[in-house]
Amino acid sequence: MVIGPNAKVSTFCGGGSSALAPYYAITPYDGIVSKTNCKEVPFTVGAYSHKELPLLGPSLRTADGQIGVSFSAYLEPPTVGNSRERVDYKIVKKTDMFMFDYVCPKDTKGIWYADIEGSLTPDMDGDFELGLCVYGTAKLYVDGNLIIDNESKQRQGTVFFGNGTLEEIGEISVKKGQTYHLKVEYASAATNKLGGGGVIRFGGGGVRIGGAYKIDPMEEISRAVELAKKADQVVVCAGLNVSYVLILLLHHPLSFDKAKLLYLLRRIGKVKAMIVKTCCSQGISTRLYLESQRATLTQPLSSKQEVQWKCRG
């Protein structure tokens, strides 16, 4: 049994200038499955620990089946219609597009537009939340229906060095196996309505697209505990993520609900011996203390080091 918000993401580095993509990375869940004789290992998230919704890139597919989204740049807004000339095209795997040094071809006015598109095929039924942050302006559509408007009214956030908006969230109901077409209509930094905030201004702007299933925190914790009771072995994958590493480096208070993670671990620790795996980077120490006597920390938690807390049976 695998539980935790970091189980199905490759948390291999922090944010900012250390966020370099490796040649190869595997999620803890996929690694565990590869070492067992099972085609599938039971999983539940247990508790969330994100600030903004997790990036959607790995879950999206382009029209030709590649991981991520297509990025089509134009000099004219979407209102022009199909007569627009596409001046740039890219496949982007990561839906956190920080366009610090991006230059749109043929642009001479500092304002350009992009259609960002991908398809989502959920692996379960449920209510799914979508999140959109932007430095510039953006609207998110699902199957042609407007879900998030982050253009008409914008609220100051912390993303993109403080230039971007708060994450605006919309919700859709999804069915397992059904494919949904997502499209973000983006306009570059010059179109933003937030004024002159931020640490440093940059022309390309940025857009961040996230998403996750909507859960009731306490119901999900109880569900994880019940599943853990039935399992022979339990692995919990928890800790920081890129958003919170960046917040700590910017000296903001640690606002993520660590209490829910702690409560999850304590509840599971009372019913099942487990291994807790966490990842930490950029000198930030994450300490999730367990009150249950079934758990002991067997090696110190330090930066840039994956550690295990092995629990006594």
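Every number in this text was worked out from the coordinates using simple rules, so none of it is lab data. The shown structure was predicted, so the numbers you read here are calculated from the model rather than taken from an experiment. Methodologically, a virtual Cβ is constructed for each residue, glycine included, from the backbone with ideal geometry; neighbour enumeration extends over all protein chains shown.
Put a plus charge on the Cβ of each Lys and Arg, a minus charge on the Cβ of each Asp and Glu, and nothing anywhere else: the dipole of the stretch 62-156 about its Cα centre is then about 460 debye. Lys-Lys pairs in the stretch 57-213 that are eight or more residues apart or on separate chains and whose Cα atoms lie under 18 Å of each other come to 9. For Asn163, the amide hydrogen comes within under 5 Å of the amide hydrogens of Val199, counting only partners 5 or more places away or on other chains and with H modelled in the peptide plane. Relative intensity of the stretch 57-213 on a log10 scale, I(q)/I(0) at q = 0.12, 0.16, 0.17 Å⁻¹, equals -0.49, -0.87, -0.98, per a Debye sum over C-alpha point scatterers of equal strength in the absence of solvent. Computed over the Cα atoms of the stretch 1-140, the ratio of the radius of gyration to the Kirkwood radius (Rg/Rh) comes to 1.02. Taking the Cα centre of the stretch 57-213 as the origin and placing charges on Cβ (Lys, Arg +1; Asp, Glu -1), which of Ile200, Leu60, Leu130 is farthest toward the positive end of the dipole? Positive-end residue among those listed: Ile200.
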